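The values are calculated or read from the model by the stated rules, or taken from the named source; none is laboratory data. Given the structure is predicted, the values throughout are model-derived calculations rather than measurements. Quick reminder, even Gly has a Cβ in these numbers, built from the backbone with ideal geometry, and neighbours come from all protein chains shown. All accessible areas refer to the heavy atoms of the entire protein, side chains included, with ligands and DNA or RNA removed. Shrake-Rupley method; radii C 1.70, N 1.55, O 1.52, S 1.80 Å.
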Amino acid sequence: MAILCVFLPFLGFLIAGLFGRQLGDKGAQYATCIPMILSAILSVFLFLGNSGIETIIPLFTWIETGTFSVSWALRLDTLSCVMMIVVTFVSTLVHIYSIGYMSHDKSIPRFMAYLSLFTFFMLMLVTANNLLQLFFGWEGVGLASYLLIGFWYKKATANAASIKAFLVNRVGDFGFALGIFACFYIFGSVSFDDIFRDAASHKDKIIHFLGHDFHAMTLITFLLFIGAMGKSAQLGLHTWLPDAMEGPTPVSALIHAATMVTAGVFMVARMSPLFELAPDTLAFVTIIGGLTALFAATIALTQNDIKRVIAYSTCSQLGYMFFAAGLSAYDASIFHLATHAFFKALLFLGAGSVIHAMSGEQDMRQMGGIWRLIPTTYVLMWIGSLALAGIPIFAGYYSKDLILESAFASGAHGHMLGYFAYAIGILTALLTAFYSWRLIFLTFHGKPRAHERVMAHVHESPFVMIMPLILLAIGAIFAGILGIDYFTSGAAFWGKSIVTNHSGHPHVPFVIEHLTLVVVLVGIGLAYIFYLLKPTLPGIMARKFKALYQLSYNKYYVDELYDLMFVRPSFIIGRIFWKAGDGFIIDGLGPDGISKLTMNASLRISRFQTGYLYHYAFVMLLGVFALMTWMIYKFLM
């Protein structure tokens with residue numbers, strides 16, 4: 001059953017990829033959607049059949065050289081089963097949604113094949129039984145994301161975004177690869193079972209490298225987390241995520257809401273036995289996660305592209321997951337990962353429905369006054385926003401509150417970074433509510449700002465697009481209330497799949513327990529004042545605090561800084577190697593230089609081929625003179 005669940009999407013990829021032209025658009029859609037539906041159903045049975053006990057399903061020996069052997073096997077435990085449900089369900093709904101959204105595209109079989117390929121790699125990642133197998137899935141989702149982001153390859157911005165995503169992720173992946181090497185150096189194995197079994201016995205081990213001593217567990221986990229920073233778009237390696245919105249909207253929902261960007265969070269949770277032995281790394285994870293949550297939320301306040309607002313929201317919510325993991329609340333982190341998948345996919349696909357209705361328009365300043373024209377999408381976007389903000393009953397309320405309460409409880413128990421994370425989390429919750437309802441009010445309310453021709457064609461999306469939104473909305477409403485008891489039940493639910501240090505809700509004061517809801521309502525109220533009650537206020541504030549506004553609007557100029565520090569110097573160095581190294585030295589003195597010298601010599605010698613006898617006699621005399629000169633020189637020497 002597990003083998004089918006993992007490999008059915010790969011089968012759909014092969015059929016649509018190899019025989020897409022013969023099958024046609026409809027055939028390719030059936031060939032990919034049906035395997036995905038079956039895979040999602042099987043993931044439910046696997047989850048329900050899992051009792052917290054690890055099950056290893058060996059497939060074949062992958063690498064065997066000397067004493068080093070790596071088997072290809074599927075690892076089934078609570079963590080992998082939770083991830084399989086999230087991946088397969090969201091991916092299935094994205095596949096179905098794409099039938100309507102991509103209906104006018106000329107390369108439907110290719111797009112559907114890429115979606116299935118991405119899903120297969122993600123399933124390989126979450127069921128990996130060793131670090132090399134995990135790295136295979138890790139790099140595979142990077143490849144598939146490159147193909148999907150740059151799907152509209154004739155669009156220059158899409159090409160640039162796909163290359164940027166690929167390169168930025170390679171920076172993180174280099175650290176991840178070094179972490180795997182360090183693991184093998186310390187443990188002599190890349191198997192999770194071997195690593196986790198021997199972790200405690202190596203907790204004080206020191207690595208001597210480049211004249212310095214490093215705590216082995218700290219070095220390994222730090223390098224692994226660098227990989228997570230790239231894949232999950234954390235501060236410093238986040239710049240690829242907003243640009244990735246150049247891909248089709250279903251890609252945004254699949255890659256940047258529920259699956260690829262959560263790979264880093266999953267990896268940290270999977271390697272939690274090692275992270276627990278590296279308190280310095282955990283502190284670093286907490287700080288990066290907290291700063292990312294706040295940093296991305298402040299940028300989302302001023303963006304006007306509807307998809308970019310949601311993209312920065314994703315970046316911010318990933319920060320929540322990481323600072324929870326950094327405080328050892330891995331269960332809260334994965335719980336938020338699961339609930340976030342539903343409401344963020346709902347928001348992305350809902351944004352796609354709005355873009356579809358607005359004839360491709362993505363700028364919220366060109367929208368407004370359309371809620372009566374697309375009422376179903378409007379209601380569904382409200383549900384997604386309520387879940388994102390953390391309003392009671394909706395899924396985000398339970399998972400986000402669990403993270404914030406865990407952070408406060410951690411601070412109360414002497415871990416001062418807990419208070420740091422809690423303060424940032426509360427402030428980010430306020431900003432999240434504000435920019436979420438800024439999106440709602442700008443998009444759906446107020447006076448219509450679009451051209452009359454666009455407004456005349458605003459219409460509700462077809463059922464094939466609305467139905468996945470409804471199913472995601474059900475998850476956005478009920479995933480939290482149904483999952484809270486399971487996710488917080490400690491080892492009884494998780495088994496040994498992650499380290500769990502507590503069970504149930506952390507005990508916090510009444511004020512702390514309800515403060516989140518207060519700040520969320522304040523954020524919604526401020527958004528109402530700014531964008532409905534006093535719509536001139538945003539402009540006044542932008543002019544009054546111009547420097548801060550420009551800083552947020554231009555994303556803190558991080559892209560410009562990287563362009564100055566890395567991109568331009570790389571072009572200069574490349575041009576030097578091209579012109580001086582390749583052009584002058586290699587080509588000038590190498591094959592091209594020799595051929596040019598030979599041709600020049602031949603041209604000069606050919607000038608003596610005139611047909612006149614005295615020219616030939618002169619050349620012969622020169623030859624005799626040269627020969628005699630050489631002989632006399634040799635004799636005298």
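For this structure, a couple of remarks:
- Per-selection Rg to Rh, the stretch 1-126 - Cα, Kirkwood hydrodynamic radius: 1.05
- Between the C-alpha center of the stretch 185-264 and that of the stretch 1-54 there is a gap of 28 Å.
- With a threshold of 22 Å on the Cα-Cα distance, the over-threshold entries among 106/155; 106/154; 26/231 are 26/231.
- Dipole moment magnitude, nearest 20 debye, the stretch 84-218 about Cα centre, only Lys, Arg, Asp, Glu C-beta charged: 640
- Approximating the spin labels as points 7 Å out from Cα along Cα→Cβ, the residue 585-to-residue 210 distance works out to 2.5 nm.
- With all protein chains kept in place, the per residue accessible area of the stretch 41-187 amounts to 38 square angstrom at a probe of 1.4 angstrom.
- For the stretch 201-265, accessible area per residue (1.4 Å probe, heavy atoms of protein chains only), Å²: 27
- Total charge dipole magnitude, the stretch 1-142, about the Cα centre, Cβ charges on Lys, Arg, Asp, Glu only, Debye to nearest 20: 400
- Computed label-point distance, nm, for sites residue 174 and residue 514 using a 7 Å Cα→Cβ extension: 5.3
- Where Rh is the Kirkwood radius over Cα pairs, Rg/Rh for the stretch 478-585: 1.28
- With the simple spin-label model, which puts each label point 7 Å out from Cα in the Cβ direction, the residue 280 to residue 532 separation comes to 5.2 nm.
- Using R0 = 25 Å, the C-beta based FRET efficiency linking residue 105 and residue 567 works out to 0.20.
- Each Lys and Arg adds +1 at its Cβ and each Asp and Glu adds -1 at its Cβ; summed about the Cα centre, the chain shows a dipole of about 2060 debye.
- FRET efficiency, 1/(1 + (r/R0)^6) with R0 51 Å, evaluated for residue 67 and residue 464 via beta carbons: 0.40
- A Förster radius of 45 Å combined with the Cβ-Cβ distance from residue 57 to residue 412 puts the calculated FRET efficiency at roughly 0.60.
- Expressed as a whole percent, the accessible area of the stretch 425-568 that falls on carbon and sulfur atoms is 70 (1.4 Å probe).
- Expressed as a whole percent, the accessible area of the stretch 98-191 that falls on carbon and sulfur atoms is 72 (1.4 Å probe).
- A straight Cα-to-Cα reach below 30 Å connects residue 546 with the lysines 164, 307, 447, 534, 555, residues fewer than 8 places away in its own chain not being considered.
- Residue-averaged 222 nm ellipticity for the chain, from DSSP H runs of 4+ at -39500 (n - 2.57), nearest 500: -23000 deg cm²/dmol
- Its relative contact order, with pairs defined as Cα atoms under 8 Å and 6+ residues apart, puts the stretch 1-104 at 27 percent.
- Relative contact order, percent, the stretch 46-171 [alpha-carbon distance under 8 Å, six or more residues apart]: 18
- Using bins of 10 Å that start at zero, the share of Cα-Cα pairs per bin across the chain amounts to 3, 15, 25, 24, 14, 6, 4, 3, 3, 2, 1, 0, in whole %.
- Lys/Arg +1, Asp/Glu -1 at C-beta; the stretch 384-536 dipole; positive extreme among 432, 398, 510: 432
- Expressed as a whole percent, the proportion of Cα-Cα pairs in the stretch 380-532 lying more than 28 Å apart is 34%.
- Positive-end residue, the chain charge dipole about Cα centroid, Cβ charges, pick of 360, 462, 179: 360
- Contact order relative to length of the chain, as percent, for alpha carbon pairs under 8 angstrom and 6 or more apart: 12
- In terms of the mean number of neighbouring beta-carbon atoms within 10 Å, the peptides 566-578, 98-110, 70-82 order highest first as 70-82, 98-110, 566-578.
- 1.4 Å probe accessible area per residue over the stretch 316-422, in Å²: 24
- Extension gain, residue 14 to residue 1, is 2.7 nm, computed as 0.36 nm per intervening residue step minus the present C-alpha separation.
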